[in-house]
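Trainee: Questions regarding the structure given below will be posed in turn.
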Amino acid sequence: MVALSGELDLASAPDLERELRVGEETSPGRLVIDLSGLGFMDSTGLQALLRARERAHEAGYALSLRRGPHQVQRVFELTKTVDAFTFDN
């Protein structure tokens, strides 16, 4: 599991990408990204999550997200990407 906190935006998305790529090297069967500690996510953060989803699909492992607070979930709703991800409670 990768637990995020603070903001997922232009400044922090590259750090997430690096962390995910390290985790992906171990060939996980499932990867969970916990958004519950985020206070903010912008379109750059969403793009990083979409790229992670694509890599998971290509590598054949499951990727799921643990829901974030309302303001984070709103980004998925506004961009109509809610159905692109599997959300755990």
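Values quoted throughout were computed directly from the atomic coordinates according to the rules given, and no laboratory measurement underlies them. Since the model is a prediction, treat every value here as computed from it, not as a measurement. Heads up, the Cβs are rebuilt from the backbone with ideal geometry, glycines too, and the neighbour counts pull from every protein chain shown.
Trainee: Using a Gaussian network model of the chain whose springs link C-alpha atoms within less than 10 Å, name the residue from VAL32, VAL72, VAL22 with the highest mean-square fluctuation.
Mentor: Highest fluctuation among the options: VAL22.
Trainee: Right, here's the next one. Mind running the shape call on the chain? Use the C-alpha gyration tensor, a ≥ b ≥ c as the square roots of the eigenvalues: rounded below 1.5 for a/c, prolate if a/b tops b/c, oblate otherwise. Each step should come with its number before you reach the end.
Mentor: Numbers: a/c = 1.63, a/b = 1.35, b/c = 1.21.
Cα axes put the chain in the prolate bin.
Trainee: Relative to the present Cα-Cα distance, how much length would full extension add between PHE40 and TYR61 at 0.36 nm per residue of separation?
Mentor: The PHE40-TYR61 span can extend by a further 4.9 nm.
Trainee: Only four residue types carry charge here, +1 at the Cβ of Lys and Arg and -1 at the Cβ of Asp and Glu. Report the dipole size of the chain about the Cα centre in Debye, rounded to the nearest 20.
Mentor: It comes to approximately 200 debye.
Trainee: Let me ask something additional. Given the DSSP H assignment, sum -39500 (n - 2.57) over each helix run of at least 4 residues in the chain and divide by its residue total; what's the result at 222 nm in deg cm²/dmol, nearest 500?
Mentor: Taking each H run of at least 4 residues, the total per residue is -13500 deg cm²/dmol.
Trainee: Moving to a separate point now. Determine, from the Cβ-Cβ distance of ALA84 and ARG18 and an R0 of 30 Å, the FRET efficiency 1/(1 + (r/R0)^6), rounded to the nearest 0.05. Don't skip to the answer; put the middle values down first.
Mentor: Values: r = 22 Å, r/R0 = 0.74.
The computed FRET efficiency comes out at 0.85.
Trainee: Answer with one residue from THR86, GLN47, THR26: the one whose Cα lies farthest towards the positive end of the charge dipole of the chain, charges on Cβ with Lys, Arg +1 and Asp, Glu -1.
Mentor: Value: THR86.
Trainee: Remind me, relative contact order of the chain in percent, using alpha carbon pairs under 8 angstrom and six or more residues apart?
Mentor: For the chain, the relative contact order is 33 percent.
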